[in-house]
Amino acid sequence: MLAKVLSSAVLGVDAYVVEVEVDITMGLPAFATVGLPDGAVRESKDRVKSAIKNTGYRFPPHRITVNLAPADIKKEGAGFDLPMAVGILAATGLVNRDRLQRYLIIGELSLDGKVKPTKGALPVALTARNNGLAGIIVPEANSKESAVVQGVKVFAATHLSQVVDFFNEGCQMSPTSIDVDDLFSRDAYYEVDFNEVKGQEHVKRALEIAAAGGHNVLMVGPPGSGKTMLAQRLPTILPDLTFEEALETTKIYSIMGLMDERALIASRPFRAPHHSISDAGLIGGGQIPKPGEVSLAHNGVLFLDEMPEFRKNVLEVLRQPMEDGKVTIARAATSITYPARFMAVAAMNPCPCGFYGDYKRQCQCTHLQIQRYRTKISGPLLDRLDIHVEVPAVQYEDLAQEGGGESSNTVRHRVNAARIVQQKRFKHHRIYNNAQMAPRLLKGFCQLEEDSHRLLEAAIDRLGLSARAHNRILKIARTIADIEGLEEISSTHIAEAIQYRSLDRGLA
């Protein structure tokens, strides 16, 4: 007999419907899975057979063929265990087939029939809703994550027998429901705060500008000056995460299995990969392409500590996603695009020993050693880091202060106000902040007065800035004016923006 069960698989960050077709015919006992299954899917036959037997049902001693359609797309993961088991039981008449086409089923089975969590439950729920299905049956551990999607009923399954009884109308499973607003208020918090940073007021100012305009940042300073501490607190002053952004970010974490029983990623992600990471680990890749760190940092911060220690080929692959906000991974069989709209924050020492320019400790590096160290970061990549800010060693007077500076909430309030101005400005241009302005938009939104023109011209001639650095200065100046609530860009804004290109000045 033939039975069909609806399931789903993930391709990129989206899911698609998979028809699990089960055919049982007379013949020698055999279990064949077709439709481009990977190793985990092929091994499902042993888990499914044991789960059916240990649940108390009879496993048919016949020839079983399972087809996963569409058959021309590679299927991976253990999420097809549950739909395969239900399909086999339906083909033998133990499950009522009338309701099977109204529900989508995913889940891994243990040998005793328990339903274990699987990856990608959120995009699968979105696919079920978009296809007008009545509901989705997922493992209990994935139910809250799936229930974030409104418009589709989510049923939490704990055991194979429970699912069989549900389709035979022998038991009633209540849909899982969550309050999205309550999730945001409960989970949108950070364990760190900007007011914990002592001193470094000019660096805090630079990070506020970066957060307001979505600019990439490079911090240069000696060891122990607080570069990592500042970077870790940058997400706390970024604009509030919208539900659409939270959904985008959660989809990426869902397909990677990084939800940790969370229902929604309600705070800005912060990713800090080690400098030994490969280019595939940073950008994404594999035989079946998976997201990398740049995609896991989507709508958040990607922090590259000790940036010159990263391999050069790893750093260079950052250039395209920093410009385009997405990563396309091409393979012979398929090409997948992952979102990667992040703020890049990098930190480095001023020299190999770390004390060049420090007023307390003597630098032991030669001029040539410093040049070699800094040239580990290529000019094109350095141009894409909008703001270069020096982070000096913290003075004892600052460390001894009782009170901290402004809290993250106070700074974020100003950042939100600046972003609202930018949203109104770019509502017809499909961009979100000043950092994303194309050269043609600079002419319309970054008009300069005569004194500002002269100041910028003198800076470019003296520092030998590139055309990209010129555009970066205009974008930063535009953001500074937005923070102050001004429409016109003044020479003061240009002067401050020029200060944030310190590495363009060379060595003193």
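Looking only at the range 465-486, count how many residues are assigned to a loop (DSSP other than H, G, I, E, B) and either hydrophobic (A, V, I, L, M, F, W, C) or at pLDDT 90 or above (or both). Steps first, please.
Within the range 465-486, the subset assigned to a loop (DSSP other than H, G, I, E, B) is 465-466, 484-486.
Pick out the ones that are also either hydrophobic (A, V, I, L, M, F, W, C) or at pLDDT 90 or above (or both) and you get 465, 484-486.
Summing the residues that are assigned to a loop (DSSP other than H, G, I, E, B) and either hydrophobic (A, V, I, L, M, F, W, C) or at pLDDT 90 or above (or both) in the range 465-486 gives 4.
Within the range 242-266, how many residues are assigned to a helix (DSSP H, G or I) and either touching a Phe, Trp or Tyr at 6+ places or on another chain (Cβ under 7 Å) or open to solvent by less than 30 Å² (accessible area, probe 1.4 Å) (or both)?
7
Could you tell me how many of the residues in the range 101-148 are of a type in the set (G, A, S) and in a helix (DSSP H, G or I)?
Within the range 101-148, residues that are of a type in the set (G, A, S) and in a helix (DSSP H, G or I) number 7.
Name every residue in the range 285-339 that is part of a helix (DSSP H, G or I) and open to solvent by less than 60 Å² (accessible area, probe 1.4 Å), in order of residue number. Let's see the steps before the verdict.
Of the range 285-339, the ones part of a helix (DSSP H, G or I) are 293-296, 307-309, 312-316, 319-324.
Answer for the range 285-339, where residues must be part of a helix (DSSP H, G or I) and open to solvent by less than 60 Å² (accessible area, probe 1.4 Å): E293, V294, S295, L296, M307, P308, V314, L315, E316, P321, M322.
Among the candidates R462, R454, R440, single out the residue that is part of a helix (DSSP H, G or I), among the basic types (K, R) and surrounded by 13 or more Cβ atoms within 10 Å (Cβ to Cβ).
R454
Can you tell me which residues in the range 163-185 are free of Cβ contacts under 8 Å to residues at least 40 places away in the same chain, over 13 Å from Y103 (Cα atoms) and in a helix (DSSP H, G or I)?
Within the range 163-185, D165, D181, D182, S185 meet the criteria.
Do we have E390 as acidic (D, E) and either touching an Asp or Glu at 6+ places or on another chain (Cβ under 9 Å) or at pLDDT below 90 (or both) here?
Answer is no for this residue.
Step by step: first the residues of the range 267-284, then only those that are in a loop (DSSP other than H, G, I, E, B) and in contact with a Leu (Cβ under 7 Å, 6 or more places away or on another chain), then the one that is farthest from I209 (Cα to Cα). Which residue is that? It would help to see each step written out before you state the result.
Within the range 267-284, the subset in a loop (DSSP other than H, G, I, E, B) is 267-269, 272-278.
Filter once more, so that each one left must be in contact with a Leu (Cβ under 7 Å, 6 or more places away or on another chain): 267-269, 273.
On the way: S267: 20, R268: 17, P269: 19, P273: 24 Å.
Among them, the one singled out is P273.
Give the range 42-63 a look and list any residue that's farther than 13 Å from V22 by Cα and in contact with a strand residue (DSSP E or B) (Cβ under 6 Å, 6 or more places away or on another chain), or say none.
Correct list: R42, R47, A51.
Specify the residue that is farthest from the chain's Cα centre (by Cα); the eligible residues are those in the range 103-139 that are among the small types (G, A, S) and open to solvent by less than 10 Å² (accessible area, probe 1.4 Å).
My answer is G113.
Report yes if P61 is at pLDDT below 95 and either surrounded by fewer than 17 Cβ atoms within 10 Å (Cβ to Cβ) or not aliphatic (A, V, I, L, M) (or both), otherwise no.
The answer is yes for P61.
Of the conditions (1) modelled with pLDDT of 90 or more; (2) farther than 30 Å from D240 by Cα, N434 fails just one. Which one is it?
(2)
Can you find, within the range 36-55, the residue that is least open to solvent (accessible area, probe 1.4 Å) among those that are small (G, A, S) and at pLDDT 95 or above?
Keep residues of the range 36-55 that are small (G, A, S), which gives 39-40, 44, 50-51.
Keeping just the survivors that are at pLDDT 95 or above gives 50-51.
On the way: S50: 39, A51: 0 Å².
It comes out as A51.
Do you know which residues across the range 251-291 are farther than 21 Å from V192 by Cβ and free of Cβ contacts under 8 Å to residues at least 40 places away in the same chain?
H275, S276, I277, S278, D279, A280, G281, L282, G286, K290
Go through (1) buried (at least 19 other Cβ atoms within 10 Å of the Cβ); (2) modelled with pLDDT of 95 or more; (3) among the small types (G, A, S) for G79 and report which single condition fails.
In the conditions (1) buried (at least 19 other Cβ atoms within 10 Å of the Cβ); (2) modelled with pLDDT of 95 or more; (3) among the small types (G, A, S), G79 misses (2) alone.
State which residue pairs qualify: first residue within 18 Å of H298 (Cα to Cα) and inside the range 309-334, second residue open to solvent by less than 90 Å² (accessible area, probe 1.4 Å) and small (G, A, S) in any location, beta carbons under 6 Å apart, and separation of 6 or more residues or different chains.
The qualifying pairs are P321/A340; M322/A344; K326/A340; V327/G284; V327/A340; I329/G284; I329/G285.
Please determine, by comparing only the residues of the range 195-211 that are more than 17 Å from V345 (Cα to Cα) and in a helix (DSSP H, G or I), which one is farthest from the chain's Cα centre (by Cα).
Among residues in the range 195-211 that are more than 17 Å from V345 (Cα to Cα) and in a helix (DSSP H, G or I), the one farthest from the chain's Cα centre (by Cα) is E201.
Among what's in the range 214-231 and is more than 22 Å from L381 (Cα to Cα) and not hydrophobic (A, V, I, L, M, F, W, C), pick the residue that is nearest to the chain's Cα centre (by Cα).
Residue satisfying both the conditions and the ranking: G226.
Might you let me know whether the range 420-434 holds any residue that is touching a strand residue (DSSP E or B) at 6+ places or on another chain (Cβ under 8 Å) and surrounded by 14 or more Cβ atoms within 10 Å (Cβ to Cβ)?
In the first step, residues of the range 420-434 are kept if they are touching a strand residue (DSSP E or B) at 6+ places or on another chain (Cβ under 8 Å); the result is none.
So far as the range 420-434 goes, no, none of its residues is touching a strand residue (DSSP E or B) at 6+ places or on another chain (Cβ under 8 Å) and surrounded by 14 or more Cβ atoms within 10 Å (Cβ to Cβ).
Can you pull out the residues in the range 172-200 that are loosely packed, with under 13 Cβ neighbours inside 10 Å, among the acidic types (D, E) and over 30 Å from E390 (Cβ atoms)?
Correct list: D179, D181, D182.
Considering each residue of the range 383-404, count those that are under 25 Å from A435 (Cβ atoms) and either touching a His at 6+ places or on another chain (Cβ under 6 Å) or open to solvent by less than 50 Å² (accessible area, probe 1.4 Å) (or both), and give that number.
So the count comes out to 8.
Go over the candidates G151, G93 one by one and state the one that is outside any helix (DSSP H, G or I) and without any contact (Cβ under 8 Å) to a residue 40 or more places away in the chain. If you could, list the steps in order and put the result at the bottom.
Working: G93 fails: without any contact (Cβ under 8 Å) to a residue 40 or more places away in the chain.
Being outside any helix (DSSP H, G or I) and without any contact (Cβ under 8 Å) to a residue 40 or more places away in the chain holds for just one of G151, G93, which is G151.
Taking the stated definitions as given, is V66 at pLDDT 95 or above, of a type in the set (A, V, I, L, M), over 17 Å from S161 (Cα atoms) and in contact with a strand residue (DSSP E or B) (Cβ under 7 Å, 6 or more places away or on another chain)?
On the way: at pLDDT 95 or above: yes; of a type in the set (A, V, I, L, M): yes; over 17 Å from S161 (Cα atoms): yes; in contact with a strand residue (DSSP E or B) (Cβ under 7 Å, 6 or more places away or on another chain): yes.
So V66 fits the description; yes.
The values are calculated or read from the model by the stated rules, or taken from the named source; none is laboratory data. The structure displayed is predicted, hence computed values, not measured ones. Positions of Cβ are generated from backbone atoms using ideal geometry, with glycine treated the same way; all protein chains shown enter the neighbour counts. The area values use the complete protein model at the heavy-atom level, side chains included, leaving out ligands, DNA and RNA. Shrake-Rupley method; radii C 1.70, N 1.55, O 1.52, S 1.80 Å.
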